[in-house]
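Structure record follows, encoded as structure tokens.
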């Protein structure tokens with residue numbers, strides 16, 4: 001999730017950790033999301049695709065901050081993400097709590113699986129303002145998750161892309177990027193690395 005909202009979400013998202021960003025977007029899908037829906041309908045059942053995330057993780061976040069008249073700079077945060085599966089794994093909650101010199105980010109991501117479309121939707125709420133973002137929608141292909149949605153950055157509409165990849169069972173990477181030209185070019189504004197601390201009951 002860009003504006004101050006999308007940039008400080010991971011997603012969301014959680015994400016485990018990253019979803020907090022977005023994680024810091026069920027609104028009508030558009031554009032890329034509609035295309036993903038068409039592809040996913042004919043795909044495999046992915047309702048267990050988030051099972052890998054259940055448990056407690058150490059989270060390291062880098063967030064790109066841009067201020068008027070100043071060069072963009074990366075802000076760093078550390079903390080934890082706790083992920084709990086509900087409804088037999090067809091939904092889960094990711095709770096992010098990280099802090100750094102620039103302050104704290106506390107958020108909750110809700111991920112819901114839609115059997116009809118075989119898509120996951122990621123919703124993120126930043127506890128600072130209590131607002132629930134519009135969802136990101138997507139799925140996992142060959143172990144990599146990719147989710148798309150729409151938001152606003154500095155008052156302008158932007159496309160949001162959120163990616164999840166776990167090179168190791170106990171280490172996952174999250175990346176959020178935004179586009180102001182319909183997805184032709186992307187600017188990464190959120191990176192998170194989660195390292196497993198312990199498994200939790202689903």
Self-check item: Sites residue 48 and residue 71, calculated FRET efficiency, Cβ-Cβ separation with R0 41 Å, nearest 0.05
Solution: 0.40
Exercise. Could you let me know the centre-to-centre spacing of the stretch 160-202 and the stretch 100-122, using Cα atoms, in angstrom?
Key: 11 Å
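What's the exposure ranking of 51, 194, going from fewest to most Cβ atoms within 10 Å?
51, 194
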Self-check item: Label-zone membership for the stretch 144-177, site residue 128, 7 angstrom Cα→C-beta point, backbone N under 16 Å
Solution: 152-155
Self-check item: Sorted by Cβ neighbour density within 10 Å, fewest at the top, the residues 45, 150
Solution: 45, 150
Quiz item: How would you rank 77, 124, going from fewest to most other Cβ atoms within 10 Å of each one's own Cβ?
Solution: 77, 124
Exercise. May I ask you to derive the FRET efficiency for residue 104 and residue 171 from their Cβ-Cβ distance with R0 = 22 Å, giving the value to the nearest 0.05?
Key: 0.40
Practice problem: Starting from the Cα of residue 180, step 7 Å along the direction of its Cβ; do the same at residue 195; then give the gap between the two resulting points in nm. | Solution: 3.6 nm
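Is the shape of the stretch 101-202 best called rounded, prolate or oblate, per the rule: a/c under 1.5 gives rounded, else a/b larger than b/c gives prolate, else oblate, with a ≥ b ≥ c the square roots of the Cα gyration tensor eigenvalues?
Rounded, since a/c falls under 1.5.
Rule-based calculations on the coordinates, nothing more; no lab input. All figures in this text were calculated on a predicted structure; none of them were measured in a lab. Neighbour counts are summed over all protein chains in view; Cβ atoms, including those assigned to glycine, are modelled from backbone coordinates with ideal geometry.
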